[in-house]
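Quick notes on the structure that follows.
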Amino acid sequence: MAVADGIPKYTCCPAEPFRLAAPTTNDMKLVYEGGGGLPIHYARAFGSLQHLHSIFITIPDFGGGKTTLRNDQEHNKDLWAGECDRCMEIMYEDGDFRDRYVARKQGLPTTDKDFGGSVYVAPPALKRVEWTFWNAEGCEEVDVQESWDEWSDSDEDP
């Protein structure tokens with residue numbers, strides 16, 4: 001994970017280096033109604049929260065992303081939910097895989113060996129997921145792993 005001015009940079013994978021998808025406007029919001037829009041691992045983590053109805057995720061836009069996002073169904077056919085630009089390039093290059101992955105994000109049952117049969121299951125009361133991107137171009141990026149390694153090699157207390 002990387003950090004800009006003390007703010008974690010969201011990542012879906014350990015791809016090095018990674019870029020976030022690029023919203024079409026600064027401070028854009030991407031809104032999902034009806035329970036979709038969470039990364040699958042977030043949905044699993046929040047799955048037992050019976051009364052969670054809204055989730056708001058704010059992430060920086062550092063610029064340079066190749067995947068363009070817009071807040072409308074017509075231009076978000078991949079159901080983007082936090083995937084980094086590199087994962088979007090790799091996963092969606094194969095149209096058949098892309099179709100299966102998007103179906104999985106829609107919660108459609110699968111016996112696909114690529115996914116071990118798992119599907120997206122939203123927390124029971126989830127109605128809205130809202131991603132907000134804020135323009136962070138020009139912020140200094142810090143490699144958290146490198147900082148941790150430096151700290152752990154020192155004699156400092158946490």
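The values are calculated or read from the model by the stated rules, or taken from the named source; none is laboratory data. These numbers come from a predicted model, not from an experiment. Here the Cβ is made from the backbone with ideal geometry for all residues, glycine too, and neighbour counts use every protein chain on show.
So the values come out like this:
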item: Residue in the range 24-49 that is nearest to the chain's Cα centre (by Cα), counting only those that are surrounded by 11 or more Cβ atoms within 10 Å (Cβ to Cβ), more than 17 Å from Ala103 (Cα to Cα) and of a type in the set (Gly, Ala, Ser); result: Ala45
item: Every residue from the range 63-83 that is more than 23 Å from Val121 (Cβ to Cβ) and of a type outside the set (Ser, Thr, Tyr); result: Gly63, Gly64, Gly65, Lys66, Leu69, Arg70, Asn71, Asp72, Glu74, His75
item: Positions within the range 82-95 being at pLDDT 85 or above and either of a type in the set (Asp, Glu) or within 15 Å of the chain's Cα centre (by Cα) (or both), in sequence order; result: Glu93, Asp94
item: Looking only at the range 50-67, and only at residues there that are polar (S, T, N, Q) and either at pLDDT below 70 or exposed (fewer than 12 other Cβ atoms within 10 Å of the Cβ) (or both), the one that is farthest from Pro39 (Cα to Cα); result: Gln50
item: Candidate set from the range 116-128 (those that are surrounded by fewer than 16 Cβ atoms within 10 Å (Cβ to Cβ) and at pLDDT 90 or above); member that is nearest to the chain's Cα centre (by Cα); result: Arg128
item: Checklist (1) at pLDDT 80 or above; (2) polar (S, T, N, Q); (3) touching a Lys or Arg at 6+ places or on another chain (Cβ under 8 Å) applied to Asn71, failing item; result: (1)
item: Breaking point among (1) at pLDDT 85 or above; (2) part of a loop (DSSP other than H, G, I, E, B); (3) buried (at least 16 other Cβ atoms within 10 Å of the Cβ), for Trp131; result: (2)
